[in-house]
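A short write-up of the structure that comes next.
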Amino acid sequence: MTQVDGSILGNAVLRREDPSLLVGADQYLDDLKLDGAGYVHFVRSEYAHATINGVDASSALEMPGVIGVYTAADLDIPPFIAFPAFPETLGRPPLAVGKVRFVGDLIAAVVAETREQAVDAAEMVVVDADPLPVVTTAPEALAEGAVQLYDDLGANVCFATAIGEDLDPFEGADTVVECTMNSQRLAGVPMEPNGCAVIPDGDHLTVYMSSQNPVAVRDVVVGTLGLDPEKVRVLAPAVGGGFGPKAGPYPEFLILTKLAQMLGQSVRWHEERSENMVNMVQGRDMVLTAKMGFTNDGKIVGLDCNVLANAGAYATIGGILALFTQTMIQAVYEMPKVKFSATTALTNTPPIGAYRGAGRPEATQVIERVLDMGADALGIDPAEIRRMNFLQPESFPLTTAGGANYDSGEYEKALDAALEAADYQGLLAQQAERRASGAVKQLGIGVSAYVEVTAPAGLHVEYGAVEIHDDGKVTAKVGTSAHGQGHITAFSMIVSDMLGVPMDDITVLQSDTDHIPRGVGTMGSRSLQTAGSAVHVASETVLVKAKALAAHMLEASESDIVVGDGGLQVAGVPSSSVSWADLAAAANDASKLPEGMEPGLAHELDFDGTDSTFPFGAHVSVVEVDTETGQVEMLRHIAVDDCGKILNPMIVTGQQHGGIAQGAAQALYEEVAFDEMGNPITSNLMDYAIPSAAELCSFETHNTETPSPRNPLGAKGIGESGTIGSTPAIHNAVVDAVSHLGVSHIDMPLSAQRVWKAMQDAS
């Protein structure tokens, strides 16, 4: 569809990515054919905390097919910082030096001719280690006398933040309620585990990785190893999911790159699921305590929130995620006074990293729980206590107490839409009937309202480029890196809408440093508003130049040139036209250019949205709880999410469904757990409970549209909204189902055992 017929934007366009996915034509990392590649398998620590006395690889070296066994002393790779906020003291040696700090920490790398040979040989490596005391939770690590993970640090603290320290948040409050909750640790569990392959060619290296941002990770690899970036190509093939844990660099990437250099042969590593569950960075793991003061009529007077966050054994971006919690702590509400403090501890557990929402869901979870507790204490309907405290649209733009710069929002509109779609009053009547009858299966109704930040923490700049070729086809380049989101479709729609070129004639390049000079990558629900806007501006710039060229060629006024079928034309005169192929040829022919015009029809830029955007929404969850067993069943989930202007409603709906599923999984099923020695007890998919579609209800998704003024598309992110809104709604619904029995709070995951025990304790 061209501009003459109307805009393609806003329409449900089928994803270009899906046909090749459905027939299995896409190549993932493990599909790559690398003749003669050595397979790498890692010797990992069996202790959560131990001193390494020595490593004996003699038996392993005698195993069939073994090419070599390598420890830190053999590879000489310096410690690296996975996130630039931390000092060198917290640098992680890719292979352990002196100590191991969690079960799964890397000790040695075995290279063999086959994967099976590498695995067998790794089992023959003998590690002499003396166990040390272990801490697995933030409160344990911060307790007086706790064992120290880093001798030079002086304490198990890697980050702390606070605001409003001098405030009295409860001055003037008639009622103060308190909630302490655990936002439990989660595993990312992408369908495709992690992996890397490195191919040497003379002094050049090609590095494949299953990553959300191979362009940005390239800088860590070449910087740590002292390589020439012009001689290192980093790219991602098809990537089977990420959800945040594939956003950053991994020590394995450095080790394989070094091994390929040393050995002069290709090497590859493909993470097994059991490795993935102890090695890939994990998410959440915060203990949050919130006290909220109210007047008798339900108005919020103030908030005091304290967070103890777990960074794991090595400080990645997970070490500072409590800062995002602070940023979003005011949520969607008028809060005259906000006091917040957070301390992030190092523990003997796998590192915490970004995981769908990354610090923002935790803020919403605790605010929405304490608000429900306040509604219960005051005898006010949970929906109404939210409505009376909402920030109003005329308040925006607004800098909150947490430092967020909200761009736009209509929070009451989203809540009203969710309540209407749910038939909220009808649900309340059904609940009253069940309670009056003493039914075994009680109905729970949970409400949540949320705002989140997308393109957070300076991630509002992204590379993009558009070029028209001599055949009239178009190439767009972006610094983001899709792994299932539908970027090729979305970016093709933007180019097609601007230039009138069929989507099938548009190639989108990403995830390859040979084509993409720079880029931040895909995380933080940032891609459309940053890379999409870059493509939009680049297309617009090319169009302006092409119109000037067409006017010159057609001897017409530039103001009369419009997009037509297959090129540009004089408005109202389709016969007076020039194709994109002819325009591209003319643009590279100096004799056909207007005076002063640069050759070519191409433009590249780093789009700067100047700040983050703030999508929002409201969710209603309806659950049934069996009061005899504690079993929870989701009956309905209604979501109204606002991501600004919607480019493709089909893609938005898909993101909503995936997000809600992950939010429901935290509320009801998933938890990474450790025993007292720091051993993971959920390190496989028999013990780590991931719901299938059979455990979830059908989701009812809706949208409102409140454009952002911070990019030309009016777009806000949608990738994490479903997760942020759904978890507290479901949490509130389960507690609501048994609140008449005296239950005021239950920690997640809301398993049958936990719900049953809460009812027993209350009785």
(request) Identify, from the list ILE718, ILE724, the residue that is at pLDDT 95 or above, closer than 30 Å to ILE494 by Cβ and assigned to a helix (DSSP H, G or I). (result) ILE724
(request) Pull up region 371-380, narrow it to residues that are more than 29 Å from the chain's Cα centre (by Cα) and in contact (Cβ under 8 Å) with a residue 24 or more places away in the chain, then point me to the one that is surrounded by the fewest Cβ atoms within 10 Å (Cβ to Cβ). (result) ALA377
(message) Go through region 296-318 and report how many residues are in contact with a strand residue (DSSP E or B) (Cβ under 6 Å, 6 or more places away or on another chain) and part of a loop (DSSP other than H, G, I, E, B).
(response) 2
(message) Tell me which helices (runs of 4 or more DSSP H) are completely within region 319-402 and hold 3 or more residues being more than 26 Å from LYS246 (Cα to Cα) and outside the structural domain of VAL103 (by TED's automatic domain parsing), or say none if there are none.
(response) 360-378, 382-387
(message) For region 507-527: of the residues being within 21 Å of the chain's Cα centre (by Cα) and hydroxyl-bearing (Ser, Thr, Tyr), which is surrounded by the fewest Cβ atoms within 10 Å (Cβ to Cβ)?
(response) SER511
(request) State whether the residues of region 439-448 include one that is surrounded by fewer than 24 Cβ atoms within 10 Å (Cβ to Cβ) and over 28 Å from ILE660 (Cα atoms). (result) yes
(message) Among (1) touching a residue at least 40 places away in the same chain (Cβ under 8 Å); (2) surrounded by fewer than 24 Cβ atoms within 10 Å (Cβ to Cβ), there is one condition GLU452 misses while meeting the rest; what is its number?
(response) (2)
(request) Go through region 274-286 and give me each residue that's buried (at least 20 other Cβ atoms within 10 Å of the Cβ) and of a type outside the set (D, E, K, R). (result) ASN276, MET277, VAL278, ASN279, MET280, VAL281, GLN282, GLY283, MET286
(request) Search region 49-76 for residues that are free of Cβ contacts under 8 Å to residues at least 12 places away in the same chain and pair each with any residue that is surrounded by fewer than 20 Cβ atoms within 10 Å (Cβ to Cβ) when their beta-carbon atoms are under 6 Å apart and the residues are at least 6 apart or on different chains. (result) none
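Quick one: count up the residues across region 236-248 that are in contact with a strand residue (DSSP E or B) (Cβ under 9 Å, 6 or more places away or on another chain) and surrounded by 23 or more Cβ atoms within 10 Å (Cβ to Cβ).
6
Out of the residues in region 194-218 meeting the condition of being β-branched (Val, Ile, Thr) and surrounded by fewer than 21 Cβ atoms within 10 Å (Cβ to Cβ), tell me which one is farthest from THR480 (Cα to Cα). Walk me through it before giving the result.
Let us first name the residues in region 194-218 that are β-branched (Val, Ile, Thr), namely 198-199, 206-207, 215, 217.
When the remaining residues are screened for being surrounded by fewer than 21 Cβ atoms within 10 Å (Cβ to Cβ), the result is 199, 206.
On the way: ILE199: 24, THR206: 19 Å.
Going through the qualifying residues, I end up with ILE199.
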(request) Find the residue count for region 486-506, including only residues that are surrounded by 24 or more Cβ atoms within 10 Å (Cβ to Cβ), under 19 Å from the mean Cα position of the chain (by Cα) and not small (Gly, Ala, Ser). (result) 1
(request) Name every residue in region 384-408 that is crowded, with 22+ Cβ neighbours inside 10 Å, over 23 Å from the mean Cα position of the chain (by Cα) and either of a type in the set (Gly, Ala, Ser) or more than 22 Å from THR175 (Cβ to Cβ) (or both), in order of residue number. (result) none
(request) Can you give me the ranges of the strands (runs of 3 or more DSSP E) entirely in region 33-76 with at least 1 residues that are in contact with a Lys or Arg (Cβ under 8 Å, 6 or more places away or on another chain) and surrounded by fewer than 18 Cβ atoms within 10 Å (Cβ to Cβ)? (result) 50-56
(request) Scan (1) surrounded by 19 or more Cβ atoms within 10 Å (Cβ to Cβ); (2) in contact with a helix residue (DSSP H, G or I) (Cβ under 8 Å, 6 or more places away or on another chain); (3) farther than 30 Å from GLU178 by Cβ for the single condition MET262 breaks and write down its number. (result) (1)
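The values are calculated or read from the model by the stated rules, or taken from the named source; none is laboratory data. Just so we're clear, the structure is a prediction, and the values are computed from it rather than from any experiment. Methodologically, a virtual Cβ is constructed for each residue, glycine included, from the backbone with ideal geometry; neighbour enumeration extends over all protein chains shown.
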